[in-house]
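The values are calculated or read from the model by the stated rules, or taken from the named source; none is laboratory data. Every value quoted in this text rests on a predicted model; they were computed, and no experiment measured them. With ideal geometry, Cβ positions are generated from the backbone for all residues, glycine too; neighbour counts draw on all protein chains shown.
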Amino acid sequence: MPKLKIILESKTKEIKLLNAIKEAGVDIGHRCGGKAGCTTCRVEFIEGEPEQMTKAEYNKLKDKDMLGKYRLSCQIMCETDMKVKPIMTLQNVEAWTDTGPVVGGNITPEPEWLSKTDLEGFA
């Protein structure tokens, strides 16, 4: 199957991964409004996965048994090159008529960052 790689250079200094994916024209889910309350914005990292994550992301992924498989794009700022695969989009979830409410530019809730060392301690 052919693959398309979208290279997006943000005009803003920092952009949330969820918003960068939307800017690239992908209708990725964000049913909770980008607040780590669901997992519809989850992505699979192919390259460039950040080593830290928010405590809210950690807790949600752990609760849903998705830790180590996916990341929540609403909880990640684009600070390095990344290659991701969005999992839930308007095109592949038949029941959706939209992807979710408007999402702001800041990570919500206020991020409490966990480093790779912190995450290893939780395992």
Checklist entry - Any idea which of (1) surrounded by fewer than 21 Cβ atoms within 10 Å (Cβ to Cβ); (2) under 24 Å from D118 (Cα atoms); (3) without any contact (Cβ under 8 Å) to a residue 60 or more places away in the chain is the one G25 doesn't satisfy? => result (2)
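Of all residues in the stretch 64-98, count the ones that are surrounded by fewer than 19 Cβ atoms within 10 Å (Cβ to Cβ) and part of a strand (DSSP E or B).
Taking the stretch 64-98 and keeping what is surrounded by fewer than 19 Cβ atoms within 10 Å (Cβ to Cβ), we get 64-69, 77, 79-81, 83, 85, 89-98.
In the following step, the residues that additionally are part of a strand (DSSP E or B) were identified as 67, 77, 83, 85, 89.
Matching residues across the stretch 64-98 total 5.
Would you check if there is a residue in the stretch 112-121 being hydrophobic (A, V, I, L, M, F, W, C), assigned to a strand (DSSP E or B) and surrounded by fewer than 17 Cβ atoms within 10 Å (Cβ to Cβ)? Please lay out each step first, then the result.
Quick first cut of the stretch 112-121, residues hydrophobic (A, V, I, L, M, F, W, C) only: 113-114, 119.
Checking which are assigned to a strand (DSSP E or B) leaves us with 113-114.
Narrowing further to those that are surrounded by fewer than 17 Cβ atoms within 10 Å (Cβ to Cβ): 113.
Within the stretch 112-121, one or more residues are hydrophobic (A, V, I, L, M, F, W, C), assigned to a strand (DSSP E or B) and surrounded by fewer than 17 Cβ atoms within 10 Å (Cβ to Cβ).
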Checklist entry - Does E57 count as in contact with a helix residue (DSSP H, G or I) (Cβ under 6 Å, 6 or more places away or on another chain), surrounded by 12 or more Cβ atoms within 10 Å (Cβ to Cβ) and without any contact (Cβ under 8 Å) to a residue 24 or more places away in the chain? => result yes
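What do you reckon, is K83 farther than 17 Å from L17 by Cα and touching a residue at least 24 places away in the same chain (Cβ under 8 Å)?
Numbers: farther than 17 Å from L17 by Cα: no; touching a residue at least 24 places away in the same chain (Cβ under 8 Å): yes.
So K83 does not fit the description; no.
Please verify whether T89 is in contact with a Gly (Cβ under 8 Å, 6 or more places away or on another chain), closer than 15 Å to T40 by Cβ and in contact (Cβ under 8 Å) with a residue 12 or more places away in the chain, treating the condition exactly as stated.
Working: in contact with a Gly (Cβ under 8 Å, 6 or more places away or on another chain): yes; closer than 15 Å to T40 by Cβ: yes; in contact (Cβ under 8 Å) with a residue 12 or more places away in the chain: yes.
Against the criterion (in contact with a Gly (Cβ under 8 Å, 6 or more places away or on another chain), closer than 15 Å to T40 by Cβ and in contact (Cβ under 8 Å) with a residue 12 or more places away in the chain), T89 qualifies.
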Checklist entry - Tally time: how many residues in the stretch 21-41 are among the charged types (D, E, K, R), in a loop (DSSP other than H, G, I, E, B) and within 14 Å of D98 (Cβ to Cβ)? => result 2
Next on the checklist: Please determine whether any residue of the stretch 82-96 is more than 18 Å from W113 (Cβ to Cβ) and of a type in the set (G, A, S).
Outcome noted: yes
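In the list E44, E49, which residue meets the criterion of being surrounded by fewer than 17 Cβ atoms within 10 Å (Cβ to Cβ), outside any loop (DSSP other than H, G, I, E, B), modelled with pLDDT of 95 or more and not aromatic (F, W, Y)?
Numbers: E49 fails: outside any loop (DSSP other than H, G, I, E, B).
Criteria check complete, one pass: E44.
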